[in-house]
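Step one of this worksheet: look at the structure below.
The values are calculated or read from the model by the stated rules, or taken from the named source; none is laboratory data. Remember, it's a predicted structure, so these values are computed and weren't measured experimentally. Here the Cβ positions follow ideal geometry from the backbone for every residue, glycine too, while neighbour counts run over all protein chains shown. Just the protein is used for accessible areas: all its heavy atoms, side chains included, with ligands, DNA and RNA removed. Shrake-Rupley method; radii C 1.70, N 1.55, O 1.52, S 1.80 Å.
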Amino acid sequence: MIGVDEIKRFIPHRYPILLLDRVTEVSPGRSLTAIKAVTCNEPYYRHVGADAGPRGHHYPSLLLLESWAQAASLLVLWEQPNPDVLSGKVVLGGVMKNVRFLRPVLPGEVLSHRVRLVRQVEDSSIVEGETLVGSEVVHEAGAVVSLRPAEVLRQAAPVGGAS
C-alpha cells in the first residue's frame, strides 16, 4: 500500500486536484486499486449551503471520473513514474468510453477505483474499470491513456494556426 507522498512521485497532480489518497493493490502492467475518501471538506463543497439537502452534496460526476482517471494514470506510469510534466513522458488522457454513473456519491463514502489494463500498443494503453463504494459499483469507465515526450508537446504549434 502506498500513500499520497508516493502517489506524488508518479503523477504531477497536487492540491486541490490530487483526488487519490492511497493505492491498496497493484499488479504492474495488469491492474491497480486506489482509494479516495470523499469528505465534506472538499473544495467543491465550500459554497454548498446548509439548506442544500442531499442532492446538493452529490459529489460531482466529473471529479469522480477525474479521480478514476488518476488511478488509470498510476497504472500506466507504475514502471516509469514522472511527476514533472516538463520533462520525460507526459500522461495524456484520450478517449473515454462506456462511462456510466450508477448512483450519486456523498461525503463520508470511500471510493475504491479499480483499473485494469486491457491492451497496450507502444505508448498508448486501453484501460477499463469501475468505482465501488463498499461492494456497490457506482461508476464504470474505459479510456485510452497515452504517454508522449514532454519535449514534443512543448514544440507543438498552437491550435488555430498562430505562430
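Within the range 97-156, restricting attention to residues that are among the acidic types (Asp, Glu) and touching a Lys or Arg at 6+ places or on another chain (Cβ under 9 Å), which residue is nearest to Asn82 (Cα to Cα)?
So, considering only residues that are among the acidic types (Asp, Glu) and touching a Lys or Arg at 6+ places or on another chain (Cβ under 9 Å), the one nearest to Asn82 (Cα to Cα) is Asp123.
Any chance you could count how many residues in the range 25-54 are under 26 Å from Gln80 (Cα atoms) and open to solvent by 50 Å² or more (accessible area, probe 1.4 Å)?
4
For the range 6-21, give me each residue that is more than 16 Å from Pro81 (Cα to Cα) and open to solvent by 50 Å² or more (accessible area, probe 1.4 Å).
Within the range 6-21, Tyr15, Pro16, Ile17, Asp21 qualify.
Check whether at least one residue in the range 92-113 is in contact with a strand residue (DSSP E or B) (Cβ under 9 Å, 6 or more places away or on another chain), closer than 26 Å to Ser27 by Cβ and without any contact (Cβ under 8 Å) to a residue 40 or more places away in the chain, and report yes or no.
Within the range 92-113 (the criterion being in contact with a strand residue (DSSP E or B) (Cβ under 9 Å, 6 or more places away or on another chain), closer than 26 Å to Ser27 by Cβ and without any contact (Cβ under 8 Å) to a residue 40 or more places away in the chain), the answer is yes, since at least one residue qualifies.
For Val91, indicate whether it is assigned to a strand (DSSP E or B), within 30 Å of Val152 (Cβ to Cβ) and at pLDDT 95 or above. Lay out the reasoning, then the answer.
Working: assigned to a strand (DSSP E or B): yes; within 30 Å of Val152 (Cβ to Cβ): yes; at pLDDT 95 or above: no.
No: the conditions fail for Val91.
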